[in-house]
1. Kindly establish whether B:ALA48 is over 16 Å from B:LEU210 (Cβ atoms) and either in the same structural domain as B:SER216 (by TED's automatic domain parsing) or touching a residue at least 12 places away in the same chain (Cβ under 8 Å) (or both).
2. Would you point out the residue of segment B:239-262, among those that are of a type outside the set (A, V, I, L, M, F, W, C) and at the interface with another protein chain (Cβ under 7 Å from one of its Cβ atoms), that is farthest from A:ALA344 (Cα to Cα)?
3. Considering only segment B:15-40, how many residues are within 7 Å of another protein chain (Cβ to nearest Cβ) and not charged (D, E, K, R)?
4. Could you say which residue among A:ASP189, A:ASP236, A:ASP224 is within 9 Å of chain B (Cβ to nearest Cβ) and more than 30 Å from A:MET353 (Cα to Cα)?
5. What do you reckon, is B:ALA28 in contact with a Pro (Cβ under 6 Å, 6 or more places away or on another chain), over 30 Å from B:PRO229 (Cβ atoms) and either free of Cβ contacts under 8 Å to residues at least 40 places away in the same chain or in the same structural domain as B:LEU210 (by TED's automatic domain parsing) (or both)?
6. Mind checking whether some residue in segment A:324-331 is assigned to a helix (DSSP H, G or I) and within 30 Å of A:PRO44 (Cα to Cα)?
7. Quick check, is A:SER15 within 26 Å of the chain's Cα centre (by Cα), within 21 Å of B:ARG263 (Cα to Cα) and of a type in the set (Ser, Thr, Tyr)?
8. Report every pair of residues separated by at least 6 positions or lying on different chains whose Cβ atoms are under 6 Å apart, first residue within segment B:234-246 and over 13 Å from B:PRO70 (Cβ atoms), second among the charged types (D, E, K, R).
Number of protein chains: 2
Amino acid sequence: MHLDPQSFRDLDPGSRVLMGPGPSDVPARVLQAMSAPCIGHLDPYFLALMDETQQLLRFLFQTENELTIPVSGTGSAGMEACFVNLVEPGDEVVVCVNGVFGTRMTDIVGRLGAKLTRLDFEWGRAVDPEAVRSAIQGKAPKLVAVVHAETSTGVCTPLEDLSKIAHDAGALFLVDAVTSLAGMEVAVDTRGIDAVYSGTQKCLSCPPGLSPISLSPAALKALDSRKTPVVSWYLDMSMVRNYWGGDRKYHHTAPINMIYGLREALRIVAEEGLEARFARHRLNHLALVAGIEAMGLSMLVPEAERLPMLNTVRIPEGADDAKVRGSLLRQFGIEIGGGLGDLAGKVWRVGLMGHASSPRNVCLFLAALKTVLRDGGVKVGAGALEAAAQAYSR
Amino acid sequence: MHLDPQSFRDLDPGSRVLMGPGPSDVPARVLQAMSAPCIGHLDPYFLALMDETQQLLRFLFQTENELTIPVSGTGSAGMEACFVNLVEPGDEVVVCVNGVFGTRMTDIVGRLGAKLTRLDFEWGRAVDPEAVRSAIQGKAPKLVAVVHAETSTGVCTPLEDLSKIAHDAGALFLVDAVTSLAGMEVAVDTRGIDAVYSGTQKCLSCPPGLSPISLSPAALKALDSRKTPVVSWYLDMSMVRNYWGGDRKYHHTAPINMIYGLREALRIVAEEGLEARFARHRLNHLALVAGIEAMGLSMLVPEAERLPMLNTVRIPEGADDAKVRGSLLRQFGIEIGGGLGDLAGKVWRVGLMGHASSPRNVCLFLAALKTVLRDGGVKVGAGALEAAAQAYSR
């Protein structure tokens, strides 16, 4: 088989402004950490880094959970890891669905042979705890699952009531924090979350490739008392925990350099502090919304249910979805996301995640969007930048 | 929860000479590629990189298989991906076991509810095709699986006869090429391999984190005619292929920067050429063995069954396994591996993989091992370096 090595050019992705649903812009410190020399997965230096990474993850998740580790795969691997370890065939599982990622949960649960109760809510609205309470009345689910920050719609579902409802029903409470972690409070312990997973490429601003997860003592007890083996060897936490825990028993080779990057991203989070980081995400979100509304565009999600890091903007009449996104990318290097599922062609998803949540990006995006929309003949209100500036000066 | 960010030092793993069972030393070009700016998983530039990565992987696997992609996980995720896509509950699966990784295959097959036929062979010897032929006589297995290069023992099992035996029985032929790929011929198409997986951290000399796999048209047919869904959503190739294939349908976020690294590692392989690369691995292996034997040590595996990239050396009498490996690492920065399972404490596993397969490393290791053994009071023959030099000048 012939192949000309010269036909593959030197890598040069150029630079982007990543304001889509993830990945987000990665700071130079993280990229540099990832390019440090690879060492062995049982090297004493690496074992120490693993301990530090777990410590930093516990800080970020706000938990004392011993099993708090990065799964060796992207966010969806973390989702699968949580379900596959906690669900056995025949188990009753309740999944709240208000977007793509809740739907994905039901797909995974279905494959595991569980008895699925799927509770559907409007896409673009939060899950209604009272509806969940009545739906599970009289049932004895093993698990109640919800997406904290629906990346497909920009909706935040508050966790406190749902946690209580799940526990009152004797169930474990499982949360998707892929997009929320490091951009808003997840607070695993105070909110009684039993299983949670996230991704590195959202508000952590690390490249995609790892999925931080945390399991509570109650979740570990469920794992320990399984009657059937975990169907996935790769994600079987009853084995993986022995590598991350005290006895360092080899399971699979850890993704060394990705963990370098994650640790550096977590150091950056710790240096900023959680409260400051969450406040920054909130402020940039408010400025963006002020600008968007000044332009005469509107948000999909009611104000009280909006995420700070993922903003769904309704596509204004007359605008060509693909053309606008293409122009933003080509002319300004800005990536934003299109809608998924029923929301395709109806919304844009504008991320302000982690390192990318900055006044610079808010102003750049507002200016760029205005230019592109006007070039496309769409009427746009004036004063977007001023409105954003006002939000900052409040 | 309090945490002092200052207690986490700047990353500085120092430098190692990675001569264990993997990861192997990663060339600077690959590390640099990994530190390029992260871009979106649907960015036109990244989509083009995906195509190139697939082209380069097909070249390396020596296959025309359309589904030739990196799975978003380490080598064991590739193992799981192959089995989980091709095996349904009740299917008959034959696994040849002559080490840790064949054993791992049986573990995975068991979890899938398949009817497992486990054929055991001596650890440290190749699988005997005739034994496989008689064992499966009268059976109708869906799959026959074997490890090409057993990383736990240093044994190479030739594939041609087993491929014929599998196909004669109407089965698919599945091969673990984690350690062999890019260090010796795998030749997927000429050897009739239907499913194959590898890892990036062995002879590809890329950090761990991805698992290149390839599925033949016959394997895809088996996937397409499944009666039950693939139990893993994350590894379901009936969906993943739509992202890597023509219609670019989003499945999970690809590990962007890891793919940058893999592509660069594949470019390096293509520039060297497969034949030259395999010859280099073979030559350095012969030189190492010559030196080892000149020191009076012996190899675990009979000459004809040895792998070029993973050398199992019997631990000489009087040598303290852990102390010797510890001294090699502390004094010389050299990582080698200990034995696994029954071979723990009996052998050292010395890797000469990819970038790390070099005369420099062979000479350094021989000199270092001699020093460390003598320091530990073990008698060692003279002339190891001369013997290695002779192998090179032949």
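The values are calculated or read from the model by the stated rules, or taken from the named source; none is laboratory data. These numbers come from a predicted model, not from an experiment. Glycine also receives a Cβ, built like all others from the backbone with ideal geometry; neighbour counts cover every protein chain displayed.
1. yes
2. Among those that are of a type outside the set (A, V, I, L, M, F, W, C) and at the interface with another protein chain (Cβ under 7 Å from one of its Cβ atoms), it is B:TYR260.
3. Qualifying residue count, segment B:15-40: 16.
4. A:ASP236
5. Numbers: in contact with a Pro (Cβ under 6 Å, 6 or more places away or on another chain): no; over 30 Å from B:PRO229 (Cβ atoms): yes; either free of Cβ contacts under 8 Å to residues at least 40 places away in the same chain or in the same structural domain as B:LEU210 (by TED's automatic domain parsing) (or both): yes.
No; evaluated as a whole, the condition is false for this residue.
6. Checked against the condition, which is being assigned to a helix (DSSP H, G or I) and within 30 Å of A:PRO44 (Cα to Cα), segment A:324-331 yields no hits at all.
7. For A:SER15, the condition - within 26 Å of the chain's Cα centre (by Cα), within 21 Å of B:ARG263 (Cα to Cα) and of a type in the set (Ser, Thr, Tyr) - is met.
8. Partner pairs satisfying both residue conditions: B:TYR234/A:GLU80; B:ASN242/B:LYS249.
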